[in-house]
Amino acid sequence: MSQPDIQLIRGFKDILPGETELWQLIERTAIGLFEDFGYREIRIPIMEKTELFARSIGEDTDIVEKEMYTFADRKGDQLTLRPEATASICRSYIQHKMYAQDPVRKFYTIGPMFRRERPQKGRYRQFYQIDAEIFGVAAPYADVELILLLRTLFERLNVTDTTAHVNSLGCPACRPRFKQALSALLAEAASALCSDCLRRKDRNPLRVMDCKVPGCREAMKGAPAIIDYLCDACSSHFSTVTDMLTRLGVPYHVDKQLVRGLDYYTRTAFEIQTGALGAQSAVAGGGRYDGLVGSLGGPEVPAIGFAIGFDRLAEIVALNTPAGVRPPDLYIAALGEPARKLAFEWSTALGLNGIGTAMDYGDKSLKAQMKQANRAGVGRVLIVGESELESGTVVLRNMAAKTQRDIPIAAVVDTLIETFTKKEHSIG
Ligand code: AMP
C-alpha cells in the first residue's frame with residue numbers, strides 16, 4: 001500500500017466515513033438530551049492564553065506540567081491548545097458577564113482537546129469531549145442531574161455496562177485536617193514515591209493520590225480517604241447526592257479512592273467507568289468546582305460539570321451499534337454522453353428535493369454501473385441509454401422485488417419525487 005509523503009501526527013487520527021455516522025448519532029443523542037434539560041450550546045476557541053489553563057487546572061498537574069501543547073506565537077504570547085473545556089467556559093462566562101442577570105446557566109460543548117500523553121488504545125493526543133457545565137447552582141441537585149444525564153445518554157446509546165463512581169473531595173474548610181493525615185502517610189512512604197510525587201507531596205499532597213505510577217499507587221493503598229474528613233456542610237451535600245441518586249434509580253458506587261486529576265475540584269467528584277474497553281476504564285468524569293469562577297477573577301459562583309471521552313464512547317458504542325450508513329435512494333445508470341447529461345440534471349434536481357442519488361460521471365459499462373449500484377445497496381436503479389432517449393421512456397428497476405416499470409422521460413423528476421416522498425413500496 002502506498003503511503004503519503006507526510007503522515008498524521010503521532011497520537012492524532014482521522015475519523016473516517018463509516019465512523020462519522022456513529023459520531024453523528026452520538027452527537028444527536030447528546031444534543032437532544034441536553035436541550036430537553038435546558039442546556040445551551042457554547043462554542044469556545046481551541047486556543048487560549050497558557051495562563052488560563054495553568055491557573056485553573058493547576059501548576060502541579062500532569063496536564064500542565066507535561067502534556068500541554070504550548071508555544072509562543074509570532075509576537076511572543078504564550079498560547080496553548082486547550083486540554084479541556086471547563087477553563088475556557090469559565091473564562092467566557094466571566095468575560096461576557098453571563099452571571100449579571102441570572103448566574104444560573106447550563107452549557108454544553110463538543111469538540112477536540114489536546115494533550116501530549118503517551119498514545120495508546122483509547123488515548124490520543126487530539127481527542128474529543130462532550131462537555132456539560134452548570135453555573136450558579138450550589139445545591140446538590142445539579143450534581144445529581146449531571147450524573148443522571150450521563151447515565152441516560154449511555155443507556156440511549158445502548159451502553160449499559162457502566163457504573164457511576166462518586167466521591168466527595170471536600171472543600172477548603174475540611175481539607176486541612178485531611179491533608180495533615182495524608183502528609184503523615186506520605187512522609188512515611190516517601191522512599192516509594194516517583195520523583196514527581198516527591199516534589200508534589202509537600203506542595204500538593206492530593207495530587208499524589210491520583211498518580212498512575214504503580215509504585216505510588218501501591219504506596220497510596222493505605223491512604224486516608226477524604227470522605228472520612230468532610231465538614232458537616234460537605235457531608236450533608238454528599239448525602240443528598242447519594243439519596244437523590246437512589247430516589248431516581250441511578251446506580252452508583254461510593255469510591256473513596258476517586259480523586260480527579262485537576263486542582264479545581266471541590267465536593268462531588270464522579271466518573272463513569274466501563275469494563276467494555278479494558279484498561280482505559282473511565283469514559284466520563286466530572287465534578288464540582290465551586291471556587292474556580294472566583295479564582296479566575298469572576299464573582300463567587302459555584303459550578304459543576306463533566307466531560308465525556310467521545311473517542312472512547314464511540315469505540316464502546318461501535319461494539320453493539322452498526323454505523324447505519326444510509327444508502328442512496330436511487331442509482332441512475334446512464335449510457336452515452338447525451339443520456340449522462342440528462343441523468344446529471346435529474347440527479348441534481350432529485351438531490352435538491354432531498355432524494356439521495358448516485359451515478360457514475362465517467363463512461364462505465366451498464367454491467368459495471370449495475371455492480372456499483374449493488375455495492376452501494378441501492379433499492380432502485382433508473383436506466384437511461386440511447387434507446388430510452390429514442391423511445392422517450394426510461395426504466396425504473398426495483399432491485400429487491402426484481403420488478404420494473406417505464407417512466408416517460410418528460411416526467412422523470414416529478415414521478416420520482418412523488419415515488420420517494422410518498423414512500424410507496426408497491427410502485428415496482
Ligand atoms: P478529564 O478531562 O481528564 O477528566 O477526562 C474526561 C474524559 O475524557 C476521560 O474520562 C476520558 O474518557 C477522556 N480522555 C481524557 N484524556 C484522553 C485522551 N488522551 N484520549 C482519549 N480520551 C481521553
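For region 256-285, taking the residues that are free of Cβ contacts under 8 Å to residues at least 40 places away in the same chain and near the ligand (Cβ under 7 Å from one of its atoms), the one that is surrounded by the most Cβ atoms within 10 Å (Cβ to Cβ) is identified as 285.
Every condition in (1) in contact with a strand residue (DSSP E or B) (Cβ under 9 Å, 6 or more places away or on another chain); (2) farther than 30 Å from residue 98 by Cβ; (3) open to solvent by 20 Å² or more (accessible area, probe 1.4 Å) is met by residue 221 except one, and the failing one is (1).
The one condition from (1) in contact (Cβ under 8 Å) with a residue 40 or more places away in the chain; (2) open to solvent by 40 Å² or more (accessible area, probe 1.4 Å); (3) outside any loop (DSSP other than H, G, I, E, B) that residue 10 does not meet is (3). Summed over region 107-143, the residues that are open to solvent by 30 Å² or more (accessible area, probe 1.4 Å), at pLDDT 95 or above and in a loop (DSSP other than H, G, I, E, B) give a count of 6.
Could you list, in sequence order, the residues of region 318-342 that are among the charged types (D, E, K, R) and either at pLDDT 90 or above or under 17 Å from residue 384 (Cβ atoms) (or both)? Of everything in region 318-342, those that are among the charged types (D, E, K, R) and either at pLDDT 90 or above or under 17 Å from residue 384 (Cβ atoms) (or both) turn out to be 329, 337, 340, 341. Looking only at residues in region 286-326 that are more than 16 Å from the ligand (Cβ to nearest atom) and aliphatic (A, V, I, L, M), the one that is surrounded by the fewest Cβ atoms within 10 Å (Cβ to Cβ) is 325. Of the candidates 48, 21, the single residue that is part of a helix (DSSP H, G or I) and either acidic (Asp, Glu) or touching a Ser or Thr at 6+ places or on another chain (Cβ under 7 Å) (or both) is 21. Residues in region 144-181 that are in a loop (DSSP other than H, G, I, E, B), of a type in the set (A, V, I, L, M) and under 21 Å from the mean Cα position of the chain (by Cα): 157, 159.
Pick from region 189-207 the residues that are open to solvent by less than 60 Å² (accessible area, probe 1.4 Å) and in contact (Cβ under 8 Å) with a residue 40 or more places away in the chain: which of them is nearest to the chain's Cα centre (by Cα)? Checking each candidate, the answer is 207. Considering only residues of region 318-360 that are out of contact with any helix residue (DSSP H, G or I) (no Cβ under 8 Å at 6 or more places or on another chain) and of a type in the set (S, T, N, Q), which is farthest from residue 414 (Cα to Cα)? Residue satisfying both the conditions and the ranking: 320. Among residues of region 106-123 that are closer than 16 Å to residue 308 by Cα and among the small types (Gly, Ala, Ser), those with a Cβ under 7 angstrom from a residue that is assigned to a strand (DSSP E or B) and near the ligand (Cβ under 10 Å from one of its atoms), sequence gap 6+ or separate chain, pair up as 111/128.
The rows are residues; the columns are (1) open to solvent by 30 Å² or more (accessible area, probe 1.4 Å); (2) without any contact (Cβ under 8 Å) to a residue 24 or more places away in the chain; (3) within 25 Å of residue 27 (Cα to Cα).
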{"residue": "153", "(1), (2), (3)": "no, no, yes"}
{"residue": "168", "(1), (2), (3)": "no, no, no"}
{"residue": "180", "(1), (2), (3)": "yes, yes, no"}
{"residue": "187", "(1), (2), (3)": "yes, yes, no"}
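Scanning region 398-425 for residues that are buried (at least 16 other Cβ atoms within 10 Å of the Cβ), modelled with pLDDT of 95 or more and either acidic (Asp, Glu) or part of a strand (DSSP E or B) (or both) returns a single hit, 407. The criterion of at least 2 residues that are open to solvent by 30 Å² or more (accessible area, probe 1.4 Å) and aliphatic (A, V, I, L, M) is met by the following helices (runs of 4 or more DSSP H) wholly inside region 327-395: 337-352, 366-376.
Residues that are more than 22 Å from residue 93 (Cβ to Cβ) and surrounded by fewer than 15 Cβ atoms within 10 Å (Cβ to Cβ) within region 28-63 comprise 28, 32, 36, 59, listed in sequence order. Within region 73-106, the set of residues being within 16 Å of the ligand (Cβ to nearest atom) and outside any loop (DSSP other than H, G, I, E, B) comprises 80, 81, 86, 87, 88, 89, 90.
The values are calculated or read from the model by the stated rules, or taken from the named source; none is laboratory data. Only a predicted model underlies this, so the values are computations on that prediction, with no experimental measurement involved. Methodologically, a virtual Cβ is constructed for each residue, glycine included, from the backbone with ideal geometry; neighbour enumeration extends over all protein chains shown. Heads up: the accessible areas ignore ligands, DNA and RNA and are worked out on the full protein's heavy atoms, side chains in. Shrake-Rupley method; radii C 1.70, N 1.55, O 1.52, S 1.80 Å.
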